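The values are calculated or read from the model by the stated rules, or taken from the named source; none is laboratory data. All values derive from a computational prediction rather than experimental measurement. Virtual Cβ from ideal backbone geometry, glycine too; neighbours counted across all protein chains shown. The protein model used for the area step is the full one, side chains on, heavy atoms only, and it has no ligands, DNA or RNA in it. Shrake-Rupley method; radii C 1.70, N 1.55, O 1.52, S 1.80 Å.
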Amino acid sequence: PGKKNHNPTSATEWSVVFYKNTVEVAKDLPNCFISKSLAAHKIYRRVPYAHSFRTMDKNLDFVIINVHLYPDTKILGKGTNREEERKKELGAIASWVSQNDDVEKDFLIVGDMNVNNKEELINITPPGFLSLNDEVRKTNTAKVNKPYDHVMYRPEWTTEIDKEFDFKVIDLVKLMKPLWNGLGEYPG
């Protein structure tokens, strides 16, 4: 947000992907910020980044678009319809996907979408996409406890989704605490 691309707040974000011996970067697929303009963007508060991968056996490739959509905070000022801003962002992402799906069809929009409830999810989901968190499970383990996080995909093209496994929410702090083991004092 704003005219400056780097500032010491969560308004400046860099996505990171951890993977080991399961996938490799697919350099022939989209792997970039989805807009050249990264600061003072007309649509995105934080411009999403598309990461492309291929399984080691070369049987599956896909693009993950990392997002952090408009928040529900006072910093946006009065009169800002935050839900409509998120809808615009997702609509622009869906448009980018359509413009870039000639080589690849499996696009996953993943991240903090700041969705508050099922009605909002239905309203902002772009046509042709579904959320794996369609039950709007609460994904934020803090006191807010909202269904912020989602994985959106196009069921017409991304057929490899394990719908039985569905969408699981885990508390990483709780999960990692026993593994901290002698690495110093646990920060949590």
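Restricting to the range 90-115, name every residue that is assigned to a helix (DSSP H, G or I) and of a type in the set (G, A, S). Those that are assigned to a helix (DSSP H, G or I) and of a type in the set (G, A, S): G91, A92, A94, S95, S98. Count of the range 141-173 residues, restricted to those that are in contact (Cβ under 8 Å) with a residue 12 or more places away in the chain and under 18 Å from Y70 (Cα atoms), is 7.
Results for (1) surrounded by 13 or more Cβ atoms within 10 Å (Cβ to Cβ); (2) at positive phi, shown as yes or no for each residue.
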| residue | (1), (2) |
| --- | --- |
| I34 | yes, no |
| S37 | no, no |
| Y49 | yes, no |
| F53 | yes, no |
| K58 | no, yes |
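If you go through the range 110-134 and keep only what is among the acidic types (D, E) and free of Cβ contacts under 8 Å to residues at least 40 places away in the same chain, you end up with E119, E120, D134. Residues in the range 117-130 that are within 21 Å of R45 (Cα to Cα) and touching a helix residue (DSSP H, G or I) at 6+ places or on another chain (Cβ under 8 Å) were compared, and the one that is most open to solvent (accessible area, probe 1.4 Å) is N123. Just wondering, is there one or more residues in the range 36-57 that are in contact (Cβ under 8 Å) with a residue 60 or more places away in the chain and hydrophobic (A, V, I, L, M, F, W, C)? No. Scoring V169 on the criteria (1) out of contact with any Ser or Thr (no Cβ under 9 Å at 6 or more places or on another chain); (2) at pLDDT below 95 leaves a single failure, condition (1).
Within the range 93-113, being under 16 Å from I43 (Cα atoms) and either open to solvent by 20 Å² or more (accessible area, probe 1.4 Å) or touching an Asp or Glu at 6+ places or on another chain (Cβ under 9 Å) (or both) holds for S95, W96, M113. Within the range 77-92, take every residue that is of a type in the set (D, E) and at pLDDT below 95 and give me the one that is most open to solvent (accessible area, probe 1.4 Å). Per the stated criteria, the residue is E84. Count of the range 143-168 residues, restricted to those that are at negative phi and open to solvent by less than 60 Å² (accessible area, probe 1.4 Å), is 12. Among the residues of the range 7-30, those identified as open to solvent by less than 100 Å² (accessible area, probe 1.4 Å), at pLDDT below 90 and either among the aliphatic types (A, V, I, L, M) or farther than 28 Å from D101 by Cα (or both) are N7, T9, S10, A11, V17.
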